[in-house]
1. Of the conditions (1) outside any helix (DSSP H, G or I); (2) aliphatic (A, V, I, L, M); (3) surrounded by 11 or more Cβ atoms within 10 Å (Cβ to Cβ), M1 satisfies every one except a single condition; which number is it?
2. Considering only residues that are among the acidic types (D, E) and under 18 Å from A30 (Cβ atoms), look in region 46-69 and name the one that is nearest to the chain's Cα centre (by Cα).
3. Given the structure, is K81 touching a strand residue (DSSP E or B) at 6+ places or on another chain (Cβ under 8 Å) and on the phi < 0 side of the Ramachandran plot?
4. Is there any pair with a first residue in region 39-58 that is farther than 25 Å from E22 by Cβ and a second that is surrounded by 10 or more Cβ atoms within 10 Å (Cβ to Cβ) whose Cβ atoms are under 7 Å apart and which are 6 or more apart or on different chains, and what are they?
5. In region 78-91, what residues are farther than 17 Å from L15 by Cβ, in contact with a helix residue (DSSP H, G or I) (Cβ under 9 Å, 6 or more places away or on another chain) and not in a strand (DSSP E or B)?
6. Among the listed residues I50, I74, which satisfies the condition of being surrounded by 14 or more Cβ atoms within 10 Å (Cβ to Cβ), away from the ligand (no atom under 11 Å from the Cβ) and at pLDDT 95 or above?
7. Suppose we filter region 77-98 for residues that are more than 15 Å from the ligand (Cβ to nearest atom) and either surrounded by 13 or more Cβ atoms within 10 Å (Cβ to Cβ) or of a type in the set (G, A, S) (or both); how many remain?
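The values are calculated or read from the model by the stated rules, or taken from the named source; none is laboratory data. Fair warning: this is a prediction, and the values are worked out from it, not measured in the lab. Don't worry about glycine lacking a Cβ; one is built from the backbone with ideal geometry, like all the others, and counts go over all protein chains shown.
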Amino acid sequence: MLTPEKISELKTKLLEEKARLEHEIKDLSAADFGDDTDHGEEEAEEDEQIANNLGVATDFAERINDIDSALRKIADGKYGKCEHCGKDIEPELLEINPESRLCKNCKR
Ligand SMILES: [Zn+2]
């Protein structure tokens, strides 16, 4: 079982991670507004860069979703339960990945 101390420690981690991801997304979208260029080739490279950034930003947005859902579960007192089998998620897994929705068994 997770102690309230452990939960508040993981909650801090989640909030820090969320702030970091939001910051990274901001950086990525700021990069999109780089200086405009008339050279077709560079533009193509820029498009590629933007597409890459979008992919990364989507990954980050998904992680933020997971973090938000973990934070909601903390608020509801349901944090640390596997969404698939309902068992407690291994504490060492939450340590590495506090936004985990599944236990080790169900992750496989
Ligand atoms: Zn499970």
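1. Among (1) outside any helix (DSSP H, G or I); (2) aliphatic (A, V, I, L, M); (3) surrounded by 11 or more Cβ atoms within 10 Å (Cβ to Cβ), the lone unmet condition for M1 is (3).
2. Going through the qualifying residues, I end up with D59.
3. It is true that K81 is touching a strand residue (DSSP E or B) at 6+ places or on another chain (Cβ under 8 Å) and on the phi < 0 side of the Ramachandran plot.
4. Cβ pairs passing all conditions: E43/T37.
5. If the condition is that a residue be farther than 17 Å from L15 by Cβ, in contact with a helix residue (DSSP H, G or I) (Cβ under 9 Å, 6 or more places away or on another chain) and not in a strand (DSSP E or B), then K78, C82, E83, H84, C85, K87, I89, E90, P91 are the ones that fit.
6. I74
7. So the count comes out to 3.
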